[in-house]
Amino acid sequence: MPLYFCAHTTACLTKQALRELMQQLMAATEVKISRLVASQLGGRMLTEVEASDQPTLEKFFDAHRVNCEWIMRIDLDGRGGKVTEY
C-alpha cells in the first residue's frame, strides 16, 4: 500500500483533545496510521500513513474532521544507509 506523509493544523486543541484525536485516528481501520507526532505549542501534527490512494486518505481525514495542509506520497525512503523504493 502507498505510504504518505501529511501535515495538519491542530491550533486551539488542548493536550487532552489532541491525545484523544491521535488515539481515534490510530484506532481507525480505513487506513493504517504508522506514526503521529504533534506539537500543542506549534499547533501542528504530522502523520505517516498507508492508504490505498490519496482520495481515500483525503476522505478519511475529512470524515475525522482533520485539516490537511498538505499530503505527500512517498516514493523513496532513506534509512540506515539504505534507500527503499515504495
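The values are calculated or read from the model by the stated rules, or taken from the named source; none is laboratory data. Keep in mind that this is a model prediction, so the values were computed, not measured. Heads up, the Cβs are rebuilt from the backbone with ideal geometry, glycines too, and the neighbour counts pull from every protein chain shown.
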Selection within region 1-51 - among the small types (G, A, S) and part of a strand (DSSP E or B): A7, S34, A38, S39
Could you list, in sequence order, the residues of region 32-86 that are in contact (Cβ under 8 Å) with a residue 40 or more places away in the chain, surrounded by 11 or more Cβ atoms within 10 Å (Cβ to Cβ) and more than 17 Å from M1 (Cα to Cα)? L46, F61, H64, V66, N67, C68, E69
Do any residues in region 8-28 that are surrounded by 13 or more Cβ atoms within 10 Å (Cβ to Cβ) have Cβ atoms under 8 Å from those of residues that are among the acidic types (D, E) and at pLDDT 95 or above, where the two are at least six apart or on different chains, and which pairs are they? H8/E69; T9/E69
Could you list all residues from region 65-86 that are among the hydroxyl-bearing types (S, T, Y) and closer than 18 Å to T47 by Cα? Y86
Considering only region 52-86, state which residues are charged (D, E, K, R), under 21 Å from T14 (Cβ atoms) and in a loop (DSSP other than H, G, I, E, B). R65
